[in-house]
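Everything on this sheet refers to the single structure shown next.
The values are calculated or read from the model by the stated rules, or taken from the named source; none is laboratory data. Predicted model only: the values in this text are computed from it and were never measured. All Cβ positions, glycine included, derive from the backbone under ideal geometry; neighbour counts span all protein chains shown. We work out accessible area using only protein heavy atoms, side chains counted, and drop any ligands, DNA or RNA first. Shrake-Rupley method; radii C 1.70, N 1.55, O 1.52, S 1.80 Å.
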Amino acid sequence: MSLSIFDLIGPVMMGPSSSHTAGAARIGFLVHQMVKSEIEEITLYFHPVLIQTYSGHRTHAALVAGLLGYREDDPQGVQALHEANKKGINLYIEQIDEDVHQNTMRIKVKTKSGILNVNGVSVGGGSILITEIDGTQVKFDGNSYVVIERSATDISELTINQLSDFEVIDYFAGRSGDRYMQCWTVRKPVDDLTLNRLKGIKSLSSIQVISPLYDFRQTNEETPLFSTLDEMIGLARINKYGLPSVSLNYEIDRSGRTEQEIRLALDSNLKVMQLAIEEGLTGNAELLGGFCAGNDGLKMLKAYQEGKTITGGIFATAIAKALAVMEVNGSMGKIVALPTAGSAGVLPGVLFSIKEKYHKNDEDLVDALLVAGAIGICIANKASLSGAVGGCQGEVGVAAAMSAGAATHLGGGDAEQCAHAAALTLKNLLGLICDPPAGPVEVPCIKRNAIGVSAALMGADMALAGIQSYIPPDEVIDALRNVQEYLPQELKGSTIGGLASTKMGGCMRKEWQKKLAELN
């Protein structure tokens, strides 16, 4: 399944982590649709790496929010643990002992009608996979409708006759006790008449339809319009409207959405970014861990306004805006993951500072988002966007590369210059580790967004000056993947290496453990 522009320019979410908060909420929401009666007990199982950081990323709270029916951008979901407690739902946390993906989240839900077990994986940037339901291996990602049947006998042939008009994508089957479980993914919503026909099958004990998470479902199974930067550049050379048009055509082709729908959705995301900047620059953010003051963005802006910064100009304002967005993220406010929540400040900082200085309009910024999304897709096709999987080079590093391309476009650069700007930026952030001393997405995440902004603007300026990356841009992405594979697990979100190994890091962990009792 090809990536969507909105996998990189999104999701809109309540902070602080796209992989561990937004992804978790999405997994929980899909399971919510499978739960048949009132929840009595929830047990969450995490990978040994994730169990070190889940509390600061509010992964358990996000999973519970999804299970209670809240989406990742719903402010009410922030209080999900309190709501579950009021409902008398018992919550338990356990560690997964098997060798599984670092972002695996297992959910065991006990209700009056029985027990449901579901495995989900948050694969980065809020994207997810459901991989197992009650022991049956499945694979669906929230992009399709899912029909789940439980029956006394195998009724697959009877079902396929009923579902053939709904464009079946895949089929999975297994057994749970004395019951067959069959799972179908389909493109189109199943109507009530078809459901009633299926319910009439004698051996069928239950049937459920799980709705998609997204409104950018893929309709085209063919090879995507482009998957590499070279292919993207080649298409832009023959498209008289340039790289934004190529990116638009990619999304139209893969999703079936119209140009107007795509632009309106991107414009909506822009407004969320702008509101996050404005909120952050009030200096009133109350960060979850309290390790930062919550007003560093405002401090930076004031220093620039008072002539106290060395760089001044667009560098200072972009850094201020990036810090502001991340302070909103760290206080569980609403942001857009770009491409992750941990790097959500870089692109808004760059775009809105350019808009301010060079009097760009929102339509210009939507075009820049299309450019950023296209570059992000080419990177994500090869490398991970999750800090826990590949280090912060996959978060702030990729965000900076996307931002450099977007800035280059706004500066009048062509597709090749945009790609080289991304490469020049990304290769100078290779090896950037993910080393939070404690769980919250505050230290060092907030200030790393400032570094990402600086790298992006420098990359854009070099590309606009005609400077190219000696290593071809697509090969820089290969290098990113290579470094991610070699980077030790201790430097990938484990609260063990890097800054987490310092004396202050140890003090932060102890302080965080004390605060957890209040939060949970």
Practice task
Name the long-range amide H neighbours of S144: under 5 Å, sequence gap of 5 or more, or other chain; modelled H, no Pro or chain starts.
Solution key: L213
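Determine the calculated [θ] at 222 nm for the chain from helices alone, applying -39500 (n - 2.57) to every DSSP H run no shorter than 4 residues and normalising by the residue count; nearest 500 deg cm²/dmol.
That calculation yields -14500 deg cm²/dmol at 222 nm.
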Fill in the blank from the handout: Tilt, helix 23-34 to longest principal axis of the chain (alpha-carbon atoms), in degrees rounded to tens, equals 20 degrees
Problem - Whole-Hz ³J(HN,Hα) from phi, Karplus 6.51 cos²θ - 1.76 cosθ + 1.60, for the range 93-110, glycine and proline x - result: 10, 10, 9, 7, 9, 6, 7, 10, 4, 4, 9, 6, 10, 9, 10, 10, 10, 9
Practice task
For the chain, find the longest principal axis of its Cα atoms and tell me its angle to the long axis of helix 346-358, 0 to 90°, nearest 10.
Solution key: 40 degrees
Practice task
Eight or more residues apart or on different chains, and alpha-carbon atoms under 28 Å: count the Lys pairs in the range 54-209 matching that.
Solution key: 19
Fill in the blank from the handout: In whole percent, the Cα-Cα distances of the chain spread across 10 Å bins from 0 upward as 4, 19, 29, 26, 15, 6, 1, 0
Practice task
Enter the accessible area per residue of the chain (Å², integer; probe 1.4 Å; all protein chains in place).
Solution key: 40 Å²
Fill in the blank from the handout: Calc'd 3J(HN,Hα), the range 320-335, phi into Karplus 6.51 cos²θ - 1.76 cosθ + 1.60 (θ = phi - 60°), Hz, glycine/Pro = x, comes to 4, 5, 5, 4, 4, 4, 5, 5, 5, 4, x, 9, 6, x, 8, 9
Exercise for the section: Can you send over the solvent-accessible area of T258, 1.4 Å probe, protein chains only, in Å² to the nearest 10? Expected result: 70 Å²
Problem - Coil-residue trypsin sites (Lys or Arg not before Pro) of the range 237-271, DSSP, other Cβ within 10 Å capped at 14 - result: K240
Problem - Residue pairs, from the table K308/K360; K271/K355; K271/K515; K447/K503; K321/K510, whose Cα atoms sit over 22 Å apart - result: K308/K360; K271/K515; K321/K510
Problem - Karplus (6.51, -1.76, 1.60) ³J(HN,Hα), θ = phi - 60°, over the range 226-234, in Hz, Gly and Pro reported as x - result: 8, 9, 10, 5, 4, 5, 4, 4, x
Handout entry: Calculated over the range 1-152: convex hull of Cα atoms, volume per residue (Å³)
Key = 113 Å³
Exercise for the section: Tally up the carbon and sulfur contribution to the accessible surface of the chain as a whole percent, 1.4 Å probe, everything protein left in place. Expected result: 50 percent
Handout entry: Qualifying chymotrypsin sites (Phe, Trp or Tyr not before Pro) in the range 234-306, DSSP loop, other Cβ atoms within 10 Å at most 16
Key = Y241
